[in-house]
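J.: One structure, pasted below without further comment.
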Amino acid sequence: MNLHEYQAKELLQNYGVPVPSGRVAATAQEAGGATDTLGGVAWVVKAQVHAGGRGRAGGIKIVKSADAARGAAEKMLGGRLVTAQTGAEGKVVNRVYVEKACDITKEIYLAAMVDRSIGRVAFLASAEGGENIEEAAAKSPDKIFKLIIDPATGLEDADAGKLAQDLGLSGMQADAFARALASVYKAFLENDASLIEINPLAVTHEGELVALDVKMIVDDNALYRHPDWQKLWDEAEVDVDEIEARKFELNYVPMDGNIGVMVTGAGLALGILDMLKDRGGEAADFMDVRPVATRDQVAAGIRMLLGNSHVKAILVVTMGGGVLRCDTIAEGIALACKQAPGHVPIIVRAAGTAKEMAELALRNQGVDVIFADDLADAADKAVAAAKTSARGKGRK
Ligand code: ADP
Ligand code: MG
(Lines give C-alpha, C1' and ligand atoms only; values in the text may rest on other atoms or scores of the structure.)
(Ligands and ions follow the chains in the order given, each with its own letter.)
Protein backbone atom coordinates (compact mmCIF):
# COMPACT_ATOMS: atom_id res chain seq x y z
CA MET A 1 0.00 0.00 0.00
CA ASN A 2 1.28 3.41 -1.00
CA LEU A 3 0.91 6.18 1.54
CA HIS A 4 0.26 9.74 0.55
CA GLU A 5 3.03 12.24 1.16
CA TYR A 6 1.15 13.84 4.08
CA GLN A 7 0.57 10.45 5.71
CA ALA A 8 4.21 9.42 5.34
CA LYS A 9 5.40 12.77 6.69
CA GLU A 10 3.20 12.53 9.75
CA LEU A 11 4.50 9.03 10.38
CA LEU A 12 8.16 9.99 9.95
CA GLN A 13 7.73 13.07 12.10
CA ASN A 14 6.60 10.79 14.93
CA TYR A 15 9.96 9.06 14.61
CA GLY A 16 11.82 12.33 14.89
CA VAL A 17 12.47 13.15 11.23
CA PRO A 18 12.08 16.93 10.77
CA VAL A 19 9.39 17.90 8.23
CA PRO A 20 7.87 21.31 7.43
CA SER A 21 4.57 22.02 9.18
CA GLY A 22 1.68 21.36 6.85
CA ARG A 23 -2.06 20.78 6.54
CA VAL A 24 -3.97 18.51 4.23
CA ALA A 25 -6.89 20.09 2.36
CA ALA A 26 -9.73 18.65 0.31
CA THR A 27 -11.08 21.99 -0.90
CA ALA A 28 -9.53 25.19 -2.21
CA GLN A 29 -11.08 27.01 0.73
CA GLU A 30 -9.30 24.73 3.21
CA ALA A 31 -6.04 25.20 1.33
CA GLY A 32 -6.33 28.97 1.64
CA GLY A 33 -7.18 28.68 5.34
CA ALA A 34 -4.18 26.42 5.92
CA THR A 35 -1.78 29.27 5.16
CA ASP A 36 -3.24 31.27 8.06
CA THR A 37 -3.07 28.33 10.43
CA LEU A 38 0.53 27.58 9.46
CA GLY A 39 1.74 31.17 9.53
CA GLY A 40 4.81 32.35 7.64
CA VAL A 41 5.15 34.11 4.30
CA ALA A 42 5.49 31.35 1.68
CA TRP A 43 3.92 27.93 1.31
CA VAL A 44 3.94 25.05 -1.11
CA VAL A 45 0.69 23.54 -2.41
CA LYS A 46 1.27 19.89 -3.32
CA ALA A 47 -1.06 17.51 -5.17
CA GLN A 48 -1.46 14.27 -3.21
CA VAL A 49 -1.20 11.45 -5.73
CA HIS A 50 0.76 8.22 -5.59
CA ALA A 51 3.44 9.29 -8.03
CA GLY A 52 6.55 11.38 -8.14
CA GLY A 53 7.47 13.91 -10.79
CA ARG A 54 4.75 16.24 -9.57
CA GLY A 55 6.97 19.31 -9.58
CA ARG A 56 7.57 19.12 -13.32
CA ALA A 57 3.91 18.40 -14.03
CA GLY A 58 2.32 21.35 -12.25
CA GLY A 59 1.50 19.42 -9.09
CA ILE A 60 3.76 21.52 -6.84
CA LYS A 61 3.22 25.28 -6.55
CA ILE A 62 5.00 27.78 -4.36
CA VAL A 63 2.57 30.49 -3.20
CA LYS A 64 2.93 33.69 -1.21
CA SER A 65 -0.66 34.44 -0.17
CA ALA A 66 -3.80 32.66 0.96
CA ASP A 67 -5.45 33.70 -2.31
CA ALA A 68 -2.67 32.18 -4.37
CA ALA A 69 -2.90 28.97 -2.31
CA ARG A 70 -6.63 28.81 -2.99
CA GLY A 71 -6.03 29.37 -6.71
CA ALA A 72 -3.35 26.70 -6.92
CA ALA A 73 -5.51 24.19 -5.04
CA GLU A 74 -8.50 25.05 -7.24
CA LYS A 75 -6.47 24.13 -10.32
CA MET A 76 -5.23 20.85 -8.89
CA LEU A 77 -8.26 19.47 -7.04
CA GLY A 78 -10.59 17.22 -9.01
CA GLY A 79 -8.27 17.24 -12.01
CA ARG A 80 -5.99 14.50 -13.25
CA LEU A 81 -2.29 15.02 -12.77
CA VAL A 82 -0.17 13.39 -15.44
CA THR A 83 3.48 13.00 -14.42
CA ALA A 84 6.35 10.93 -15.81
CA GLN A 85 5.35 8.26 -13.29
CA THR A 86 1.54 8.12 -13.63
CA GLY A 87 1.06 6.86 -17.18
CA ALA A 88 -1.02 8.75 -19.73
CA GLU A 89 -4.24 8.45 -17.72
CA GLY A 90 -2.79 10.40 -14.83
CA LYS A 91 -4.10 10.31 -11.27
CA VAL A 92 -7.09 12.15 -9.83
CA VAL A 93 -6.15 14.72 -7.22
CA ASN A 94 -8.54 14.46 -4.26
CA ARG A 95 -6.41 16.26 -1.72
CA VAL A 96 -3.62 18.80 -1.63
CA TYR A 97 -1.06 19.29 1.08
CA VAL A 98 -0.13 22.83 2.05
CA GLU A 99 3.18 23.15 3.84
CA LYS A 100 5.59 25.88 4.77
CA ALA A 101 8.19 26.65 2.12
CA CYS A 102 11.87 26.23 3.01
CA ASP A 103 14.94 27.99 1.69
CA ILE A 104 16.93 25.14 0.21
CA THR A 105 20.70 25.12 -0.24
CA LYS A 106 21.15 21.45 -1.06
CA GLU A 107 18.88 18.54 -1.96
CA ILE A 108 19.87 15.07 -0.74
CA TYR A 109 18.31 11.82 -1.91
CA LEU A 110 17.79 9.21 0.79
CA ALA A 111 15.91 5.95 0.43
CA ALA A 112 15.52 2.83 2.53
CA MET A 113 14.34 -0.27 0.72
CA VAL A 114 14.51 -4.03 0.81
CA ASP A 115 17.39 -5.29 -1.31
CA ARG A 116 15.79 -8.50 -2.47
CA SER A 117 18.98 -9.96 -3.87
CA ILE A 118 20.41 -10.21 -0.36
CA GLY A 119 17.25 -10.00 1.71
CA ARG A 120 18.40 -7.00 3.73
CA VAL A 121 17.39 -3.41 4.23
CA ALA A 122 19.59 -1.08 2.22
CA PHE A 123 19.93 2.69 2.13
CA LEU A 124 20.63 4.55 -1.08
CA ALA A 125 21.80 8.13 -0.80
CA SER A 126 23.10 10.86 -3.05
CA ALA A 127 24.11 14.49 -2.69
CA GLU A 128 22.56 15.08 -6.13
CA GLY A 129 18.95 14.69 -4.95
CA GLY A 130 15.85 16.55 -6.02
CA GLU A 131 13.99 16.45 -9.28
CA ASN A 132 17.02 15.42 -11.34
CA ILE A 133 17.88 12.31 -9.37
CA GLU A 134 17.07 9.90 -12.21
CA GLU A 135 19.33 11.75 -14.65
CA ALA A 136 22.06 12.07 -12.01
CA ALA A 137 21.87 8.35 -11.26
CA ALA A 138 22.05 7.45 -14.95
CA LYS A 139 24.91 9.83 -15.69
CA SER A 140 27.07 9.20 -12.65
CA PRO A 141 26.05 6.07 -10.77
CA ASP A 142 29.18 6.44 -8.65
CA LYS A 143 27.48 9.37 -6.92
CA ILE A 144 24.83 7.06 -5.47
CA PHE A 145 26.03 5.52 -2.22
CA LYS A 146 24.67 2.30 -0.82
CA LEU A 147 24.63 1.12 2.77
CA ILE A 148 23.44 -2.40 3.46
CA ILE A 149 22.28 -3.05 7.01
CA ASP A 150 23.21 -6.26 8.77
CA PRO A 151 20.10 -7.18 10.76
CA ALA A 152 22.26 -8.69 13.51
CA THR A 153 23.92 -5.36 14.32
CA GLY A 154 21.37 -2.88 12.99
CA LEU A 155 22.42 0.55 11.78
CA GLU A 156 25.88 1.33 13.18
CA ASP A 157 27.05 4.85 14.01
CA ALA A 158 30.27 4.43 12.06
CA ASP A 159 28.37 3.46 8.89
CA ALA A 160 25.97 6.38 9.28
CA GLY A 161 28.95 8.71 9.75
CA LYS A 162 30.66 7.35 6.65
CA LEU A 163 27.51 7.84 4.55
CA ALA A 164 27.17 11.42 5.82
CA GLN A 165 30.78 12.03 4.81
CA ASP A 166 30.19 10.52 1.35
CA LEU A 167 27.39 13.05 0.93
CA GLY A 168 29.70 15.90 1.87
CA LEU A 169 28.08 16.59 5.23
CA SER A 170 30.05 17.46 8.32
CA GLY A 171 29.62 18.75 11.86
CA MET A 172 26.04 19.32 13.03
CA GLN A 173 24.67 18.39 9.62
CA ALA A 174 26.42 15.02 9.67
CA ASP A 175 24.96 14.42 13.14
CA ALA A 176 21.49 15.44 11.98
CA PHE A 177 21.84 13.12 9.00
CA ALA A 178 22.85 10.20 11.23
CA ARG A 179 19.83 10.87 13.45
CA ALA A 180 17.51 10.99 10.42
CA LEU A 181 19.00 7.74 9.15
CA ALA A 182 18.36 6.01 12.48
CA SER A 183 14.78 7.35 12.59
CA VAL A 184 14.06 6.20 9.05
CA TYR A 185 15.50 2.76 9.79
CA LYS A 186 13.34 2.40 12.90
CA ALA A 187 10.23 3.62 11.05
CA PHE A 188 11.00 1.22 8.21
CA LEU A 189 11.22 -1.83 10.46
CA GLU A 190 8.35 -0.99 12.79
CA ASN A 191 5.97 -0.22 9.95
CA ASP A 192 6.76 -3.20 7.72
CA ALA A 193 7.77 -0.81 4.97
CA SER A 194 9.14 -1.88 1.63
CA LEU A 195 10.19 1.66 0.68
CA ILE A 196 10.78 4.99 2.38
CA GLU A 197 12.14 7.50 -0.10
CA ILE A 198 12.95 11.05 0.97
CA ASN A 199 13.67 13.22 -2.02
CA PRO A 200 14.65 15.82 -1.29
CA LEU A 201 16.02 15.68 2.21
CA ALA A 202 16.82 19.37 2.05
CA VAL A 203 19.60 21.25 3.77
CA THR A 204 17.97 24.59 4.56
CA HIS A 205 19.46 28.04 4.58
CA GLU A 206 19.66 27.75 8.37
CA GLY A 207 21.66 24.53 7.98
CA GLU A 208 18.91 22.20 9.10
CA LEU A 209 17.94 18.93 7.46
CA VAL A 210 14.25 18.71 6.54
CA ALA A 211 12.36 16.00 4.64
CA LEU A 212 10.47 17.87 1.91
CA ASP A 213 9.06 14.91 0.02
CA VAL A 214 8.42 11.40 1.28
CA LYS A 215 7.25 8.39 -0.63
CA MET A 216 6.43 5.38 1.49
CA ILE A 217 5.11 1.92 0.73
CA VAL A 218 4.06 -0.48 3.48
CA ASP A 219 3.55 -4.20 2.97
CA ASP A 220 -0.21 -4.95 2.85
CA ASN A 221 0.46 -8.43 4.16
CA ALA A 222 1.25 -6.86 7.54
CA LEU A 223 -2.14 -5.11 7.77
CA TYR A 224 -3.27 -7.57 10.45
CA ARG A 225 -0.69 -6.33 12.91
CA HIS A 226 -1.30 -2.64 12.22
CA PRO A 227 -4.96 -1.96 13.02
CA ASP A 228 -4.13 1.75 12.83
CA TRP A 229 -3.54 1.36 9.09
CA GLN A 230 -7.25 1.16 8.41
CA LYS A 231 -7.41 4.95 8.35
CA LEU A 232 -4.38 5.19 6.07
CA TRP A 233 -5.99 2.59 3.87
CA ASP A 234 -9.27 4.50 3.62
CA GLU A 235 -7.48 7.63 2.57
CA ALA A 236 -4.92 5.91 0.38
CA GLU A 237 -7.28 5.78 -2.59
CA VAL A 238 -6.79 2.10 -3.10
CA ASP A 239 -8.65 0.70 -6.10
CA VAL A 240 -12.19 -0.31 -4.98
CA ASP A 241 -11.69 -3.77 -6.44
CA GLU A 242 -8.58 -4.23 -4.33
CA ILE A 243 -10.55 -3.36 -1.18
CA GLU A 244 -13.32 -5.75 -2.24
CA ALA A 245 -10.74 -8.48 -2.90
CA ARG A 246 -9.18 -7.99 0.51
CA LYS A 247 -12.58 -8.24 2.16
CA PHE A 248 -13.17 -11.60 0.49
CA GLU A 249 -9.59 -12.82 1.03
CA LEU A 250 -8.77 -12.99 -2.65
CA ASN A 251 -5.21 -12.35 -3.74
CA TYR A 252 -5.91 -9.84 -6.51
CA VAL A 253 -3.81 -7.59 -8.71
CA PRO A 254 -5.44 -5.55 -11.50
CA MET A 255 -3.71 -5.71 -14.89
CA ASP A 256 -4.10 -4.13 -18.32
CA GLY A 257 -5.65 -6.87 -20.47
CA ASN A 258 -9.19 -8.04 -21.20
CA ILE A 259 -9.31 -11.66 -19.97
CA GLY A 260 -10.55 -11.90 -16.38
CA VAL A 261 -8.66 -14.65 -14.61
CA MET A 262 -9.46 -16.61 -11.46
CA VAL A 263 -7.17 -19.45 -10.47
CA THR A 264 -6.79 -21.59 -7.37
CA GLY A 265 -3.11 -21.23 -6.58
CA ALA A 266 -0.71 -18.36 -7.20
CA GLY A 267 1.92 -20.39 -9.06
CA LEU A 268 -0.66 -21.91 -11.34
CA ALA A 269 -2.13 -18.45 -11.90
CA LEU A 270 1.24 -17.12 -13.05
CA GLY A 271 1.57 -20.06 -15.43
CA ILE A 272 -1.88 -19.29 -16.83
CA LEU A 273 -0.93 -15.66 -17.44
CA ASP A 274 2.05 -16.88 -19.46
CA MET A 275 -0.11 -19.29 -21.42
CA LEU A 276 -2.53 -16.52 -22.31
CA LYS A 277 0.32 -14.29 -23.40
CA ASP A 278 1.81 -17.05 -25.58
CA ARG A 279 -1.51 -17.16 -27.41
CA GLY A 280 -1.73 -13.42 -27.95
CA GLY A 281 -4.08 -12.83 -25.00
CA GLU A 282 -3.72 -10.39 -22.12
CA ALA A 283 -5.01 -10.96 -18.60
CA ALA A 284 -7.08 -8.25 -16.94
CA ASP A 285 -5.94 -9.38 -13.51
CA PHE A 286 -4.13 -11.88 -11.37
CA MET A 287 -6.54 -13.55 -8.94
CA ASP A 288 -5.56 -16.38 -6.68
CA VAL A 289 -8.29 -18.06 -4.62
CA ARG A 290 -7.17 -19.67 -1.37
CA PRO A 291 -7.69 -23.41 -0.83
CA VAL A 292 -10.09 -22.66 2.03
CA ALA A 293 -12.17 -20.20 0.02
CA THR A 294 -15.93 -20.33 0.45
CA ARG A 295 -18.61 -20.23 -2.23
CA ASP A 296 -19.33 -16.59 -1.35
CA GLN A 297 -15.69 -15.58 -1.71
CA VAL A 298 -15.52 -17.20 -5.14
CA ALA A 299 -18.77 -15.46 -6.09
CA ALA A 300 -17.34 -12.11 -4.99
CA GLY A 301 -14.28 -12.67 -7.21
CA ILE A 302 -16.39 -13.57 -10.24
CA ARG A 303 -18.66 -10.57 -9.58
CA MET A 304 -15.61 -8.31 -9.62
CA LEU A 305 -14.51 -9.71 -12.96
CA LEU A 306 -18.02 -9.47 -14.42
CA GLY A 307 -18.24 -5.89 -13.22
CA ASN A 308 -14.95 -4.92 -14.87
CA SER A 309 -15.90 -3.19 -18.13
CA HIS A 310 -12.54 -4.13 -19.71
CA VAL A 311 -13.16 -7.84 -19.28
CA LYS A 312 -14.38 -9.60 -22.44
CA ALA A 313 -14.02 -13.19 -21.26
CA ILE A 314 -13.36 -14.93 -17.96
CA LEU A 315 -11.10 -17.91 -17.42
CA VAL A 316 -11.49 -19.96 -14.25
CA VAL A 317 -8.91 -22.65 -13.58
CA THR A 318 -9.28 -24.79 -10.52
CA MET A 319 -7.33 -27.76 -9.28
CA GLY A 320 -9.53 -29.33 -6.62
CA GLY A 321 -7.10 -30.85 -4.20
CA GLY A 322 -6.87 -31.12 -0.44
CA VAL A 323 -9.58 -29.03 1.17
CA LEU A 324 -10.58 -27.24 -2.02
CA ARG A 325 -13.38 -28.82 -4.01
CA CYS A 326 -14.30 -27.97 -7.57
CA ASP A 327 -17.99 -27.79 -6.69
CA THR A 328 -17.31 -24.92 -4.27
CA ILE A 329 -15.87 -22.97 -7.18
CA ALA A 330 -18.81 -24.00 -9.39
CA GLU A 331 -21.33 -22.83 -6.81
CA GLY A 332 -19.55 -19.50 -6.54
CA ILE A 333 -19.60 -19.05 -10.32
CA ALA A 334 -23.29 -19.97 -10.46
CA LEU A 335 -24.14 -17.53 -7.68
CA ALA A 336 -22.37 -14.63 -9.37
CA CYS A 337 -23.75 -15.43 -12.84
CA LYS A 338 -27.32 -15.54 -11.63
CA GLN A 339 -26.90 -12.00 -10.34
CA ALA A 340 -25.47 -10.92 -13.71
CA PRO A 341 -27.45 -12.41 -16.58
CA GLY A 342 -26.12 -11.93 -20.11
CA HIS A 343 -22.53 -12.02 -18.96
CA VAL A 344 -19.29 -12.41 -20.92
CA PRO A 345 -18.18 -15.95 -21.88
CA ILE A 346 -16.79 -17.93 -18.94
CA ILE A 347 -14.34 -20.72 -19.64
CA VAL A 348 -13.88 -23.26 -16.86
CA ARG A 349 -11.15 -25.81 -16.49
CA ALA A 350 -11.77 -27.93 -13.39
CA ALA A 351 -9.69 -30.90 -12.30
CA GLY A 352 -9.48 -32.92 -9.11
CA THR A 353 -11.87 -33.35 -6.22
CA ALA A 354 -15.57 -33.14 -7.18
CA LYS A 355 -14.85 -32.16 -10.77
CA GLU A 356 -17.87 -34.05 -12.09
CA MET A 357 -20.10 -32.51 -9.45
CA ALA A 358 -18.91 -29.07 -10.44
CA GLU A 359 -19.71 -29.60 -14.08
CA LEU A 360 -23.04 -31.14 -13.24
CA ALA A 361 -23.92 -28.31 -10.86
CA LEU A 362 -23.22 -25.65 -13.50
CA ARG A 363 -25.13 -27.54 -16.20
CA ASN A 364 -28.10 -28.31 -13.95
CA GLN A 365 -28.37 -24.74 -12.83
CA GLY A 366 -28.34 -23.61 -16.44
CA VAL A 367 -25.23 -21.49 -15.97
CA ASP A 368 -23.75 -20.81 -19.32
CA VAL A 369 -20.06 -21.73 -19.19
CA ILE A 370 -17.65 -23.29 -21.67
CA PHE A 371 -15.79 -26.32 -20.30
CA ALA A 372 -12.20 -26.90 -21.32
CA ASP A 373 -10.47 -30.29 -21.48
CA ASP A 374 -7.05 -29.20 -20.28
CA LEU A 375 -5.03 -26.05 -19.58
CA ALA A 376 -3.97 -25.49 -23.19
CA ASP A 377 -7.56 -25.89 -24.36
CA ALA A 378 -8.71 -23.49 -21.63
CA ALA A 379 -6.19 -20.82 -22.64
CA ASP A 380 -7.07 -21.25 -26.35
CA LYS A 381 -10.76 -20.89 -25.63
CA ALA A 382 -10.27 -17.84 -23.38
CA VAL A 383 -8.17 -15.99 -25.95
CA ALA A 384 -10.63 -16.85 -28.74
CA ALA A 385 -13.62 -15.79 -26.64
CA ALA A 386 -12.02 -12.46 -25.72
CA LYS A 387 -11.40 -11.74 -29.41
CA THR A 388 -15.00 -12.40 -30.44
CA SER A 389 -16.81 -11.33 -27.29
CA ALA A 390 -19.83 -9.13 -27.82
CA ARG A 391 -18.62 -6.70 -25.18
CA GLY A 392 -16.97 -4.55 -27.79
CA LYS A 393 -15.57 -1.63 -25.89
CA GLY A 394 -12.55 -1.58 -23.66
CA ARG A 395 -9.05 -2.79 -24.10
CA LYS A 396 -7.84 -4.90 -26.98
P1 ADP B 1 7.96 15.57 -6.75
O2 ADP B 1 9.16 14.77 -6.36
O3 ADP B 1 6.74 14.74 -6.93
O4 ADP B 1 8.22 16.46 -7.93
P5 ADP B 1 8.50 17.22 -4.38
O6 ADP B 1 7.69 17.30 -3.16
O7 ADP B 1 9.81 16.56 -4.28
O8 ADP B 1 7.59 16.56 -5.53
O9 ADP B 1 8.67 18.70 -4.91
C10 ADP B 1 9.45 19.01 -6.05
C11 ADP B 1 10.49 20.04 -5.68
O12 ADP B 1 9.85 21.18 -5.12
C13 ADP B 1 11.46 19.55 -4.63
O14 ADP B 1 12.56 18.86 -5.18
C15 ADP B 1 11.88 20.87 -3.97
O16 ADP B 1 12.90 21.48 -4.72
C17 ADP B 1 10.63 21.71 -4.07
N18 ADP B 1 9.87 21.70 -2.81
C19 ADP B 1 9.02 20.75 -2.39
N20 ADP B 1 8.54 21.03 -1.16
C21 ADP B 1 9.09 22.19 -0.77
C22 ADP B 1 9.02 23.03 0.40
N23 ADP B 1 8.24 22.72 1.43
N24 ADP B 1 9.75 24.15 0.40
C25 ADP B 1 10.53 24.48 -0.64
N26 ADP B 1 10.65 23.75 -1.76
C27 ADP B 1 9.95 22.62 -1.84
MG1 MG C 1 10.40 14.62 -4.76
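J.: Which of the peptides 58-68, 24-34 is most tightly packed, and how do the rest follow, judged by the mean count of other Cβ atoms within 10 Å per residue?
T.: 24-34, 58-68
J.: Pairs of Cα atoms under 8 Å, at least six residues apart: use those to get the relative contact order of the chain, whole percent.
T.: 13 percent.
J.: Relative contact order of the range 1-91, please, whole-number percent, based on alpha carbon pairs below 8 angstrom and at least 6 residues apart.
T.: 28 percent
J.: Helix 326-339 against the longest principal axis of the chain: what's the angle in degrees, Cα atoms only, rounded to the nearest 10?
T.: That helix lies at roughly 80 degrees to the long axis.
J.: Can I ask one more? Mind checking the range 173-239 for GluC sites (Glu not before Pro) that DSSP puts in a loop (not H, G, I, E or B) and that have at most 15 other Cβ atoms within 10 Å?
T.: 206, 208
J.: Rounded if a/c is under 1.5, else prolate if a/b beats b/c, else oblate: with a ≥ b ≥ c from the C-alpha gyration tensor eigenvalues square-rooted, which is the range 269-334?
T.: Oblate, since a/c reaches 1.5 and b/c is not below a/b.
J.: If a/c stays under 1.5 just call it rounded; otherwise compare a/b with b/c (prolate if a/b is bigger, oblate if not). Do that for the range 239-388, with a ≥ b ≥ c from the square roots of the Cα gyration tensor eigenvalues.
T.: rounded
J.: Need one number: nm distance between label points at residue 375 and residue 56, each 7 Å from Cα along Cα→Cβ, rounded to one decimal.
T.: If labels sit at residue 375 and residue 56, their model points lie 4.2 nm apart.
J.: So, counting K/R as plus one and D/E as minus one, what does the shell of residues with Cβ under 13 Å around residue 166 add up to?
T.: 0
J.: Which whole-angstrom value gives the distance between the alpha carbon centres of the range 188-216 and the range 236-297?
T.: Cα centroid of the range 188-216 versus Cα centroid of the range 236-297: 34 Å apart.
J.: Could you work out what % of the accessible surface of the chain is carbon and sulfur, using a 1.4 angstrom probe and leaving DNA, RNA and ligands out of the count?
T.: 51 percent
J.: Run through all the Cα pairs of the range 21-101 and give the fraction in each 5 Å bin from 0, expressed as whole percent.
T.: Result, from short to long distances: 3, 20, 30, 23, 14, 7, 2, 0 percent.
J.: Report, in listed order, any pair from 139/277; 46/139; 143/186; 61/106; 186/231 with a Cα-Cα distance greater than 27 Å.
T.: Exceeds cut-off: 139/277; 46/139.
J.: Next question. Cβ under 14 Å from residue 27's Cβ, residue 27 left aside: what net charge do those residues give with Lys, Arg +1 and Asp, Glu -1?
T.: Neighbourhood net charge equals +2.
J.: Moving on to the next point. Can you give the accessible area per residue of the chain, in Å², using a 1.4 Å probe?
T.: Here the per-residue accessible area is 47 Å².
J.: Pairs of Cα atoms under 8 Å, at least six residues apart: use those to get the relative contact order of the range 107-260, whole percent.
T.: This gives 21 percent for the range 107-260.
J.: Still on this structure, I have one more. Where nothing but the Cβ of Lys and Arg (+1) and of Asp and Glu (-1) is charged, how large is the charge dipole of the chain around its Cα centre, in debye to the nearest 20?
T.: 1100 debye
J.: Give me the percent of DSSP beta bridges within the chain that run antiparallel, rounded to the nearest 5.
T.: Expressed as a percentage, antiparallel bridges in the chain total about 75.
J.: Separate question: So what is the calculated 222 nm ellipticity per residue for the chain, using -39500 (n - 2.57) for each DSSP H run with n of 4 or more, over all residues, to the nearest 500 deg cm²/dmol?
T.: -11500 deg cm²/dmol
J.: So, one more: How are the C-alpha pair distances of the chain spread across 20 Å bins, as whole percents from the shortest bin up?
T.: Histogram of Cα-Cα distances, whole percents per bin: 24, 44, 28, 4.
J.: Relative to the longest principal axis of the chain, what angle (0 to 90°, nearest 10) does the C-alpha long axis of helix 375-388 take?
T.: The two axes meet at around 80 degrees.
J.: Still on this structure, please answer the following. Once the Cα atoms of helix 295-307 and of the chain are each reduced to a long axis, what angle between those two axes, in degrees from 0 to 90 to the nearest 10, is obtained?
T.: 70 degrees
The values are calculated or read from the model by the stated rules, or taken from the named source; none is laboratory data. Keep in mind that this is a model prediction, so the values were computed, not measured. Heads up, the Cβs are rebuilt from the backbone with ideal geometry, glycines too, and the neighbour counts pull from every protein chain shown. To get the accessible areas, we keep the full protein, side chains included, count just its heavy atoms, and leave off ligands, DNA and RNA. Shrake-Rupley method; radii C 1.70, N 1.55, O 1.52, S 1.80 Å.
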